[in-house]
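Data block below; observations after.
The values are calculated or read from the model by the stated rules, or taken from the named source; none is laboratory data. Please read these numbers as outputs of a predicted model, since none were measured by experiment. Cβ sites come from the backbone with ideal geometry, for glycine too, and all protein chains shown count toward neighbours. Heavy atoms of the whole protein, side chains included, go into the accessibility calculation; ligands, DNA and RNA do not. Shrake-Rupley method; radii C 1.70, N 1.55, O 1.52, S 1.80 Å.
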Amino acid sequence: VLQIVKESQQQHGLRHGDFQRYRGYCSRRLRRLRKTLNFKMGNRHKFTGRKVTEEILSDNRYLLLILMDAERAWSYAMQLKQEANTEPRKRFHLLSRLRKAVKHAEELERLCESNRVDAKTKLEAQAYMAYLTGMLRFEHQEWKAAMEAFNKCKTIYEKLANAFTEEQAVLYNQRVEEISPNIRYCAYNIGDQSAMNELMQMRLRSGGTEGLLAEKLEALITQTRAKQAATMSEVEWRGRTVPVKIDKVRIFLLGLADNEAAIAQAENEETKERLFESLLSECRDAIQAVREELKPDQKQREHSLENDSGKVSNIQYLHSYLTYIKLSTAIKRNESMAKSLQKALLQQQRSDEDGKRTPRPQDLIRLYDIILQNLVELTQLPGLEEDKNFQKEVGLKTLVYKAYRCFFIAQSYVLVKKWSEALVLYERVLKYAREVQSGAGAHRNSLKELPDVQDLITQVNAEKYSLQAAAILDANDPHESESPSQVKDGKPLSERFETFCLDPSLVSKQVNLVHFPPGFQPIPCKPLFFDLALNHVAFPPLEDKVEQKAKSGLTGYIKGIFGFKS
């Protein structure tokens, strides 16, 4: 049952959340099944209801009829759930369709009790029935009944997962993971306060939730943080206490520690990336809320700057604090991406793979450029210009990332065999690293989260020796000068028949044979004719003929009327 349902859903719209498309598929499949089984509900003029009974269960497609009926009602209910956000009246129709789906599931479970059905299908029918019942009770907010139904469904699927191979168990385990947040949510509403922490951890680990629970869980988390935010009135940063009056900022600051803990516990890079993006999005919203408060307070803020001799206002300092959080999070995200790229770069050096785009040192250079730009923005935050310790910390971090950026620039020069440039850059890396070591002193705690500079020095020393050896071998290689030259001038094949060159494009789809379209060439112009003799020709006089014509005009007309002839 579960495999049929999942395959149908994934292939017909639910991969993109299109419940209307899936409902249309269920209707068409029902029509095909009834036509194939000759199980029609009357004719064109009259409806005659027929029910599937145990006596006619000669074909498993009769069970498929009832399953598709339940799926059609369920998909319509989910479609109405999406539309109910803007049209609340559709919620009544939603509940009606869910009840219809449960009714079909009960019929399926009753038919599967027959001796003609195997044990696996019986269990899956019971689990399917429990799942739909739990969803109906969940929508009715009958938390205890919903929790019992979901727990029954979860138990059956866990037993089935243990009874079959790993490949078959994947499907059952996925359904168990889908149900678990619903069970936690029901437990929370019944009165289990520990379930709230588990729900938040589930949401943060997965980078968000989907399905029936998504909106309710987001609203619940926001509501819980809002209650906590009511008690939060101020925040302290770098020795200055700032009052926090904006609710959105309070909620963000309360959830900051949970988000950072979830990022630290993320299982893979993809989940970590989603959590970073979610945190940055929330931070941008909080900064926007502070900016809206700053606009009407512009004149008052300028007045306070004059009175306090350069000290920024509380709201401006709060804006600087949130901007600091945003820039620091962006730096951590880019550093995380750089670490994963470095691992991929090392794996590529150990095993060369064709047919895939492999990471290059240039990709890392771009990431470190962005990090350095973020550090420059940190030094320009209002209210921190006079903070010498802060400026010193940012300066040391800048030197660390400059050293790593310089190292990967040198690596890119090594790939194109520019040995002298690479050697000079390696020396620059060592210079930056020694400056960091000499200037760290009292700021070692702030440098703990940064990459280790000593490891970089060790790696650079090893790279220098291998670079010098490669340069000597390259200079003594006689085959390098004898190898045929590569085509670099872009000339077509028709213009270099006399020269042998290696041209890889000749075996590709875009072969450069001739210039097409051909270029323009000069040709003789069409001669121009000037009639010079026309000015020297004397034409015969025509005055006498013109006068006679003028006389015969009106006179001849009058004579013609009266019958006179000239």
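With the requirement that a residue be under 43 Å from the mean Cα position of the chain (by Cα) and more than 12 Å from residue 51 (Cβ to Cβ), what does segment 104-115 give you?
Correct list: 105, 106, 108, 109.
Go through (1) without any contact (Cβ under 8 Å) to a residue 12 or more places away in the chain; (2) in contact with a helix residue (DSSP H, G or I) (Cβ under 9 Å, 6 or more places away or on another chain); (3) not charged (D, E, K, R) for residue 132 and report which single condition fails.
(1) is the only condition that residue 132 fails.
Is it true that some residue in segment 197-210 is open to solvent by 60 Å² or more (accessible area, probe 1.4 Å), at pLDDT below 80, closer than 25 Å to residue 85 by Cβ and within 28 Å of the chain's Cα centre (by Cα)?
yes
Could you figure out which of (1) open to solvent by 20 Å² or more (accessible area, probe 1.4 Å); (2) within 37 Å of the chain's Cα centre (by Cα); (3) more than 22 Å from residue 64 (Cβ to Cβ) isn't true of residue 149?
(1)
Do we find that residue 309 is under 23 Å from residue 379 (Cα atoms), surrounded by fewer than 14 Cβ atoms within 10 Å (Cβ to Cβ) and at pLDDT below 70 in this structure?
Considered against the rule, which asks whether it is under 23 Å from residue 379 (Cα atoms), surrounded by fewer than 14 Cβ atoms within 10 Å (Cβ to Cβ) and at pLDDT below 70, residue 309 comes out as yes.
Just checking, does segment 108-118 include any residue being open to solvent by 60 Å² or more (accessible area, probe 1.4 Å), within 13 Å of residue 69 (Cβ to Cβ) and in contact (Cβ under 8 Å) with a residue 12 or more places away in the chain?
No, the conditions are met nowhere in segment 108-118.
Residues 364, 381: which one is under 32 Å from the mean Cα position of the chain (by Cα) and assigned to a helix (DSSP H, G or I)?
So the residue among 364, 381 that is under 32 Å from the mean Cα position of the chain (by Cα) and assigned to a helix (DSSP H, G or I) is 364.
Do we have residue 144 as more than 18 Å from residue 121 (Cα to Cα) and either basic (Lys, Arg) or in contact with a strand residue (DSSP E or B) (Cβ under 9 Å, 6 or more places away or on another chain) (or both) here?
yes
Say we look at segment 490-545 and pick out the residues that are surrounded by 10 or more Cβ atoms within 10 Å (Cβ to Cβ) and among the acidic types (Asp, Glu); which of these is nearest to the chain's Cα centre (by Cα)?
My answer is 503.
On the given criteria, is residue 54 at pLDDT 90 or above and either farther than 19 Å from residue 76 by Cβ or of a type in the set (A, V, I, L, M) (or both)?
Spelling it out, it is not the case that residue 54 is at pLDDT 90 or above and either farther than 19 Å from residue 76 by Cβ or of a type in the set (A, V, I, L, M) (or both).
Pick out the one residue from 396, 346 that is open to solvent by less than 70 Å² (accessible area, probe 1.4 Å) and either within 27 Å of the chain's Cα centre (by Cα) or at pLDDT 85 or above (or both).
396
Residue pairs, Cβ under 9 Å, 6 or more apart or interchain, first in segment 327-339 and at negative phi, second open to solvent by 20 Å² or more (accessible area, probe 1.4 Å) and not in a helix (DSSP H, G or I). List them.
Taking only residues 6 or more apart or on different chains, the pairs are 332/449; 335/449; 335/450; 335/451; 338/451; 339/451.
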